[in-house]
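Written below as structure tokens is the structure these notes are about.
Laboratory data are not the source of any read-out in this text; all were calculated from the coordinates shown. Computed from a predicted structure; not experimentally measured. Ideal geometry is used to build each Cβ from the backbone, glycine not excepted, and the neighbour counts take in all protein chains shown.
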Amino acid sequence: MPACGNEPSHQSREYTVTSRDSRTSRTADLDPLDSAAADLDPLGPLRDPLEPGFDVYLTGTVFLDIIFTGLDSAPVRGTESWARGMGSSPGGVANMATALARLGLRTSLAAAFGDDHYGEYCWDALEQGEGIDLSMSRTIPGWHSPVTVSMAYEGERTMVSHGHEAPPPAGPGPFPQCPPRTRAAVASLARGRTEPWVAEAARRGARIFADVGWDESGRWDLAALPDLEHCEAFLPNAGEAMRYTRTDCPRAAARALAEKVPVAVVTMGAEGSYAVDGRTGETAEVPGIAVEELDPTGAGDVYVAGFVTGTLAGWPLGDRLAFAGLTAALSVQEFGGSLSAPGWPEVAHWWRTVPETLRPRYGFLDALVPPGGEPASRRRAVPTIGFRHPV
């Protein structure tokens, strides 16, 4: 994971990333109503001239994701499998950064990028394509981009990754400026690891949201997550939450976690999610939305992005869970992790066509999205990493 440094900013590219798929052209004409949805700022009423420069800061590893879908089963040893679909997109921490930016949050990402074509593609896709601030990121000469191949089948996925840890920046980094002034930050917790920037961000007033990965040691000890003490919200999945709390029920796990962190959110896959606000005692549960799933890559990251958006906007706990679950459900209907993330035009289109049975739970969207229109075109994952010239 890269440290924030004072390396020179990335040089501009001589080509732009475009797509052959007419659905994905970023230059397509937008319906005026959907232009309004695309420009929707969920924090608009809260902004003032003295606000932090960014809404969310995050750091981590950017992968080049290659995704195969339409597999009838897992690959079998000694055979060749053909996928009916394929997509490429930035992955890893880029999944959450893109999801946050597409929901209108001013997002700052600190990451290392290789100086290969994969790194160029990922940088351009994030900075030019999504408007993510990469001023704290750096390009490393001679370092190749990490790559993940993801195979989706039967609602599951299998991944193979390759990469090397990025070398640290030369010389001491300007830690007091790392991270930048921000309303919130997203941290990925790992057993026995402390990230100094988390405590620094919290000290400077940022609200810290955290998820966690699988504990390969099998110990599942909350005390081994030292940065949890700086977090406002912790969002593990049900399996992780129950192991950390030694409980056999996701709801019991959330209640136990709420004794350690102000807000505990436990995601339960297709069943939805459950949350407890330990400060007020409030609880909320929202069932999942049934959709035809294409690729689950990055759905958890999109969920966190939706919850962060609702929290910063000051929504009630139940609405935050509903919005996070909706954005995750919309994401699994597209290829890839980052470029499958929905924005407000997709949310608006879903709200215009939602079944009547779901309207009461999602009624808060009425005050957020403009009526009428169709979803705007948006860049999606395509089989190649990008064409050099418009097609």
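With N as its number of residues, region 71-214 has a Cα radius of gyration that, divided by 2.2 N^0.38 Å, comes to 1.21.
So what are the ³J(HN,Hα) numbers for region 135-141, from phi and the Karplus equation (6.51, -1.76, 1.60; θ = phi - 60°), rounded to whole Hz, Gly and Pro as x? Once rounded to whole Hz, the list reads 5, 9, 8, 8, 9, 10, x. Taking the empirical scaling 2.2 N^0.38 Å for compact globular proteins as reference, region 183-288 has a Cα radius of gyration ratio of 1.02.
Between Asp72 and Glu271, the contour length at 0.36 nm per residue exceeds the alpha carbon distance by 69.2 nm.
Return the loop-located trypsin sites (Lys or Arg not before Pro) in region 67-106 (DSSP other than H, G, I, E, B) with at most 12 other Cβ atoms within 10 Å of their own Cβ; answer none if there are none. Mind dumping the intermediate values first?
On the way: sites: Arg77, Arg84, Arg102, Arg106; in loops: Arg77, Arg84, Arg106.
Qualifying residues, ordered by number: Arg77, Arg84.
Near the amide H of Ala185, within less than 5 Å, lie the amide hydrogens of Tyr57, Arg207, Ile208, Phe209, all on another chain or at least 5 residues away, with H placed in the peptide plane. Distances between placed amide hydrogens fall under 5 Å for Gly91 paired with Phe63, Leu64, Asp65, all partners being 5 or more residues away or on another chain. Annotation for region 172-258: GluC sites (Glu not before Pro) lying in DSSP loop with at most 14 further Cβ atoms inside 10 Å of their Cβ are Glu216. Backbone phi angles across region 335-346, fed through the Karplus curve with coefficients 6.51, -1.76 and 1.60 (θ = phi - 60°), yield HN-Hα couplings of 5, x, x, 7, 7, 8, 4, x, x, 5, x, 5 Hz in residue order; Gly and Pro are listed as x.
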